[in-house]
1. Which of F310, F155 has the fewest other C-beta atoms within 10 Å, and how do the rest follow up to the most?
2. Mind checking the dipole of the chain: about its Cα centre, +1 per Lys or Arg Cβ, -1 per Asp or Glu Cβ, Debye to the nearest 20?
3. Give me the angle, in degrees from 0 to 90, between the Cα long axis of helix 92-106 and the longest principal axis of the Cα atoms of the chain, rounded to the nearest 10.
4. Explain nothing, just the number: dipole magnitude of region 172-281 about its Cα centre with +1 on each Lys and Arg Cβ and -1 on each Asp and Glu Cβ, in debye rounded to the nearest 20.
5. Starting from the Cα gyration tensor of region 1-120, take the square roots of the eigenvalues, sort them a ≥ b ≥ c, and report rounded, prolate or oblate (rounded when a/c is under 1.5, otherwise prolate if a/b is larger than b/c, else oblate).
6. For the residues T221, T127, T6, what sequence is obtained by ranking on other C-beta atoms within 10 Å, fewest first?
7. Could you tell me which residue out of W107, V306, P87 lies farthest along the dipole of the chain toward its positive end? Charges go on the beta carbon: Lys and Arg +1, Asp and Glu -1, centred on the Cα centre.
8. Using only C-alpha positions, report the orientation-averaged shadow area of the convex hull of region 1-69, nm², one decimal.
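Each value in this text was obtained by applying a stated rule to the coordinates, not by laboratory testing. As the structure is a computational prediction, the values presented were derived from the model and not from experiment. All Cβ positions, even for glycine, are placed from backbone atoms using ideal geometry, and neighbour counts span all protein chains on display.
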Amino acid sequence: MRIHPTLFITALVAILFCFAIFHVGAGAIDIPVSEVFNAIASPISEHYFIVNNFRLPRMLISMLVGASLALSGLLIQGVIRNPLASPDVLGVTSGASLAVILLAVFWPQAPLELIPPTALLGGFIATAILLFLARHLLQRPAAFALIGIALATIFSAAIDYLLTVNPLEINTSMLWLTGSVWGRNWSHIPLILPWLAVLLPCAFLLSFKLDILALGDDTATSLGISVKALRVITIIVAISLASAAVSVCGSIGFVGLVAPHLTRSMIGNRHLLLIPATALTGAILVVSADLFARVLMPPIELPAGVLTAFIGTPYFIFLLCRYKNW
């Protein structure tokens, strides 16, 4: 089923707007939808403090994280031409998480600004290991994905070991590792917004070449595209997006896998249209996951990553079955 791209993107904007309003209003203190805008704009509102200091930045961070993870998955799938690729499935987010945990364990007083470059370094190291191990399997999606899963398992085991031998860090770290925007505030937005602001235009610049690359390496080369350089640049952009998201809220799984597939099934394979649609879809997934995680078991707040895993795991199994002959 295909939908006109303009109509689909407009619908996504409307859906995201609705979820954002409900996200700001939901919580231990429910704020009626009619009062949400007043609470944001009016300092004399009784809900002004809680909305502007806690809920509004949390909602914005959820949007930015979802958009970054979804775009990362789209770019990885496009450049590797692998329908099962995503930053979490391939172990990129696990590598970034391991790097941040190492920083927290060995330098607990590290400044907040040091987390993004640390996560970025971890993501690049994980990707370099993956590409080395699977250098002959780039055209075999299932095998490539399985190597990524194995790497992610190794990184997760290393994280578990570090938390076991450093029990004082376990509570905060476990909440972060499950993928949560709990406790995030305005100070966390500069950790991800500049990355998305710079890398989103880069993704648009790469969109036309990614469309040509989808026709095959030989066709792309004959049209004057350096396939190797394109892959390197696109992977750098994708890893940077995923690592920036991980540095803010930990590992929220399967957003980078589910969002690109949903948008492709609706509007086709043209990346110029897929990029905004996928970013909006990813933002909707994380904002809605965080919203439902807050209201399902009050007063307990589940991490958003728990709900995205419940959605993404069956979807990943479906994709493995669909591409079992690849």
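1. Fewest-to-most ranking of F310, F155: F310, F155.
2. Dipole of the chain, to the nearest 20 debye: 940 debye.
3. With both axes taken from Cα atoms, the answer is about 50 degrees.
4. 100 debye
5. Oblate is the answer for region 1-120, as a/c is 1.5 or above yet b/c matches or exceeds a/b.
6. Fewest-to-most Cβ neighbours within 10 Å comes out as T6, T221, T127.
7. Comparing the listed Cα positions along the dipole, P87 ranks first.
8. Across all orientations, region 1-69 yields a mean hull projection of 6.0 nm².
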